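See structure below.
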Amino acid sequence: MLRFDDLQLFVRAADLGSLSAAARGMDMSAAVASAALKRIEQQLGARLLARSTRSLRLTAEGEGFLEYARAALSNLDEGRRLLASGQDQVSGVLQLSAPSDFGRNLLLPWLDEFQREHPKLTVRLLLGDRIADLFRQPVDIALRYGEPEDSTLVALPIAPQNRRVLCAAPSYLARHGEPRQLEQLAQHNCLLFMLGSRVHDHWSFHDGKREVSLTVSGDRFSDDADVVRLWAVSGAGIAYKSWLDVAADVLAGRLKVLMPELLCERAPLNLLCAHRAQLSKPVNLLREMLASQCTRISSQFPALANLDH
């Protein structure tokens, strides 16, 4: 079988009228070039180039073969370009799971934009707040708050500095007053959600001097974190939510951050997968886009500068 580099050498030598010049252009020695030309002539059973100490010219057989050699090289180059362009395209099926609140209110519009940029990509999105979804449901990756309990998972940071904030609607605060100290939370209706397999009713804070933890209570809880956000916006009580999930409500005045001087619980957002082989080009591009968007949201509220510490 004819070798690609042998064909390339023959065409270059014919164009330059010099085997040594063709060899230099291909970064090979004169001896290697001479052996390559001899090899292609033996395979074809014909002499292609007539050489002397001072000149090189095509034989009749060489002139006839040159056209086909050029066409073969051109076709191979075109094939390589097609393969390269296919690898550059983002296509296939992207299967992911995301938290209910983050998924509905932030991820959905971001995915719309992502698919407009990559129209050959199909997205399958499952929403749920349990990490077990990664194994029970047909997904490649999952977005989850907090550190993964399963140490075998690959966890890539999306928003590593994200934290929770205490927040409530102005209408709730107008009726019940605004708590100024953590101990006053016992007098308020706290909105609770499931964190993993338990109700998240044990809230932790750092007041700049010490860690403070307390158990709160309220008249409602849900396994859907977005429901808790909607309860808070409607004035039903105080929520302890990820800043990413309530930033838009805070900036729009639907919610107010309480005791912003507190350093609240960490709620890092990670991209999880079972193994690194699942980190395809679409996944890596999605990760970059998510990290950029989350950074933008984290910087939108300067008063919460302590969230970055």
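From the list ALA142, ALA186, ALA159, ALA168, exactly one residue is among the small types (Gly, Ala, Ser) and surrounded by fewer than 16 Cβ atoms within 10 Å (Cβ to Cβ). Which is it? Break it down into steps so the answer makes sense when it comes.
Numbers: ALA142 fails: surrounded by fewer than 16 Cβ atoms within 10 Å (Cβ to Cβ); ALA159 fails: surrounded by fewer than 16 Cβ atoms within 10 Å (Cβ to Cβ); ALA168 fails: surrounded by fewer than 16 Cβ atoms within 10 Å (Cβ to Cβ).
Testing whether each residue is among the small types (Gly, Ala, Ser) and surrounded by fewer than 16 Cβ atoms within 10 Å (Cβ to Cβ) leaves just ALA186.
Examine segment 77-88 for a residue that is touching a helix residue (DSSP H, G or I) at 6+ places or on another chain (Cβ under 9 Å), among the polar types (S, T, N, Q) and open to solvent by 90 Å² or more (accessible area, probe 1.4 Å), and state whether such a residue exists.
Here is the first cut: in segment 77-88, the ones touching a helix residue (DSSP H, G or I) at 6+ places or on another chain (Cβ under 9 Å) are 87-88.
Of the ones still in play, those that are also among the polar types (S, T, N, Q) are 87.
If we keep only those that are open to solvent by 90 Å² or more (accessible area, probe 1.4 Å) as well, we get 87.
The answer is yes; a qualifying residue exists.
Out of LEU285, LEU251, LEU258, LEU272, which single residue is in contact with an Asp or Glu (Cβ under 9 Å, 6 or more places away or on another chain) and assigned by the TED database to the domain that holds GLU178? Step through it out loud before you land on a result.
Working: LEU285 fails: assigned by the TED database to the domain that holds GLU178; LEU251 fails: in contact with an Asp or Glu (Cβ under 9 Å, 6 or more places away or on another chain); LEU272 fails: assigned by the TED database to the domain that holds GLU178.
Step by step, each of LEU285, LEU251, LEU258, LEU272 is checked, and only LEU258 is in contact with an Asp or Glu (Cβ under 9 Å, 6 or more places away or on another chain) and assigned by the TED database to the domain that holds GLU178.
Mind counting the residues in segment 262-276 that are more than 16 Å from TRP203 (Cβ to Cβ) and of a type in the set (D, E, K, R)? First the steps, then the outcome.
Filtering segment 262-276 for residues more than 16 Å from TRP203 (Cβ to Cβ) gives 268-276.
Subsequent filtering for residues that are of a type in the set (D, E, K, R) retains 276.
Final tally of qualifying residues: 1.
Given the options ASP219, ASP207, ASP249, ASP201, name the one that is closer than 23 Å to LEU107 by Cα and acidic (Asp, Glu).
On the way: ASP219 fails: closer than 23 Å to LEU107 by Cα; ASP207 fails: closer than 23 Å to LEU107 by Cα; ASP201 fails: closer than 23 Å to LEU107 by Cα.
Exactly one of ASP219, ASP207, ASP249, ASP201 is closer than 23 Å to LEU107 by Cα and acidic (Asp, Glu), namely ASP249.
Looking at ASP101, is it in the same structural domain as LYS281 (by the TED database), touching a helix residue (DSSP H, G or I) at 6+ places or on another chain (Cβ under 9 Å) and charged (D, E, K, R)?
yes
Conditions: (1) in contact with an Asp or Glu (Cβ under 6 Å, 6 or more places away or on another chain); (2) in a helix (DSSP H, G or I). ALA33 meets all but one. Number of the miss?
That leaves (1) as the condition not met.
Scan segment 252-284 residue by residue and report those that are in a helix (DSSP H, G or I) and open to solvent by 50 Å² or more (accessible area, probe 1.4 Å).
First, the residues of segment 252-284 that are in a helix (DSSP H, G or I): 276-278, 281-284.
Once the filter is applied, which keeps residues that are in a helix (DSSP H, G or I) and open to solvent by 50 Å² or more (accessible area, probe 1.4 Å), segment 252-284 yields ARG276, ALA277, LYS281, ASN284.
Among the residues of segment 190-223, how many are assigned to a loop (DSSP other than H, G, I, E, B) and open to solvent by 30 Å² or more (accessible area, probe 1.4 Å)? Reasoning before the result, please.
Keep residues of segment 190-223 that are assigned to a loop (DSSP other than H, G, I, E, B), which gives 196-197, 200-201, 207-210, 216-220, 223.
Filter once more, keeping what is open to solvent by 30 Å² or more (accessible area, probe 1.4 Å): 196-197, 201, 207-210, 217-220, 223.
So the count comes out to 12.
Among (1) assigned to a loop (DSSP other than H, G, I, E, B); (2) crowded, with 18+ Cβ neighbours inside 10 Å, there is one condition ASP27 misses while meeting the rest; what is its number?
(2)
The values are calculated or read from the model by the stated rules, or taken from the named source; none is laboratory data. Only a predicted model underlies this, so the values are computations on that prediction, with no experimental measurement involved. All Cβ positions, even for glycine, are placed from backbone atoms using ideal geometry, and neighbour counts span all protein chains on display. Note: areas computed on protein heavy atoms with side chains; ligands, DNA, RNA excluded. Shrake-Rupley method; radii C 1.70, N 1.55, O 1.52, S 1.80 Å.
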